[in-house]
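Following: one structure in C-alpha cells, then a few remarks.
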Amino acid sequence: MIKILIVACLIGIIISLGTGLFHLVNDKGNSKKMANALTIRVALSVALFVLLFIAWKQGLIQPHGISK
C-alpha cells in the first residue's frame, strides 16, 4: 500500500511539472496557473519526503546502498 502512495506522489509531481511547463509556454508566464502548478509540485514533494521518512521509520521500506 505504501509503495502505491509513493508512486502516486511521483506521478503527481510529474503531472504538475508538465502542467507548469504547458502554462509557461502557452501563457508566456502571465497567469497564476504556473504558480499554482509550482505550489502543488512543492507540496507533493514535501508529502513524498514525509511519506518516505515515515515508511522508513516504520520498517515498511528498507534503504540499500550501492554494492561494490
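For the range 21-41, the count of residues that are polar (S, T, N, Q), under 21 Å from Met1 (Cβ atoms), surrounded by 11 or more Cβ atoms within 10 Å (Cβ to Cβ) and within 16 Å of the chain's Cα centre (by Cα) is zero. Scanning the range 43-63 for residues that are assigned to a helix (DSSP H, G or I) and surrounded by 12 or more Cβ atoms within 10 Å (Cβ to Cβ) turns up Ala43, Leu44, Ser45, Ala47, Leu48, Leu51, Leu52, Ile54, Ala55, Trp56. Summed over the range 2-38, the residues that are outside any helix (DSSP H, G or I) and modelled with pLDDT under 85 give a count of 4.
The values are calculated or read from the model by the stated rules, or taken from the named source; none is laboratory data. Note that the structure is a prediction, hence the values are computed from the model and not measured. Backbone-built Cβ (ideal geometry, glycine too); neighbour counts: all protein chains shown.
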